[in-house]
Amino acid sequence: MDYVPHRKDKTLIALYSPRQTKEGTVSAPLFWHEVNEDLTPASFTIGNMVERVQSFECPFERYFEVGNKQDMSKLLEMVKGRDP
C-alpha cells in the first residue's frame with residue numbers, strides 16, 4: 001500500500017488516472033506477482049492500459065469478494081496501536 005498520500009488533506013489518485021509524464025504513464029493497480037525488482041512505471045501507459053485490462057483483467061475486479069475473505073484483525077489492531 002502506498003501509505004504516503006493517504007493522510008489528511010491529501011488528494012488520492014483514482015485507478016487508471018493518467019500522470020503528467022512524457023511517457024503518458026497511468027496509475028495502474030497491480031497484481032502481487034508484478035511487484036518485483038523489474039517493476040517500472042513506464043510499463044503502464046495510456047497506450048497499453050486497455051489491452052492490459054482486456055488481457056489480464058483488472059486487479060480490482062474481485063476487490064469486495066477477496067476483501068470479505070481476508071482476516072484483517074491483526075492489521076486493524078496494529079493501526080489502532082495495540083498488539084494483536
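The values are calculated or read from the model by the stated rules, or taken from the named source; none is laboratory data. Nothing here was measured: the structure is a model prediction, and the numbers come from that model. Cβ placement follows ideal geometry from the backbone for every residue including glycine, while neighbour counts extend to all protein chains displayed.
Remarks
- For the stretch 28-84, the set of residues classified as on the phi > 0 side of the Ramachandran plot and not small (Gly, Ala, Ser) consists of 57 only.
Yes/no per residue for (1) of a type in the set (A, V, I, L, M); (2) loosely packed, with under 11 Cβ neighbours inside 10 Å; (3) out of contact with any His (no Cβ under 8 Å at 6 or more places or on another chain):
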| site | (1), (2), (3) |
| --- | --- |
| 37 | no, yes, yes |
| 52 | no, no, yes |
| 55 | no, yes, yes |
| 58 | no, no, yes |
| 78 | yes, no, yes |
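- Within the stretch 35-44, the set of residues being over 15 Å from the mean Cα position of the chain (by Cα) and not in a loop (DSSP other than H, G, I, E, B) comprises just one member, 42.
- Candidates in the stretch 10-34 are the residues that are in contact with a strand residue (DSSP E or B) (Cβ under 7 Å, 6 or more places away or on another chain) and outside any loop (DSSP other than H, G, I, E, B); of these, the one that is surrounded by the most Cβ atoms within 10 Å (Cβ to Cβ) is 26.
- Residues of the stretch 53-64 include none that is at pLDDT below 90 and among the polar types (S, T, N, Q).
- Sole exception among (1) over 30 Å from residue 79 (Cα atoms); (2) modelled with pLDDT under 95 for residue 27, by number: (1)
- Residue in the stretch 23-43 that is in contact with a Pro (Cβ under 7 Å, 6 or more places away or on another chain) and of a type in the set (Gly, Ala, Ser) present: yes
- Of all residues in the stretch 60-76, those satisfying the criterion of being closer than 23 Å to residue 13 by Cβ and loosely packed, with under 10 Cβ neighbours inside 10 Å are 64, 67.
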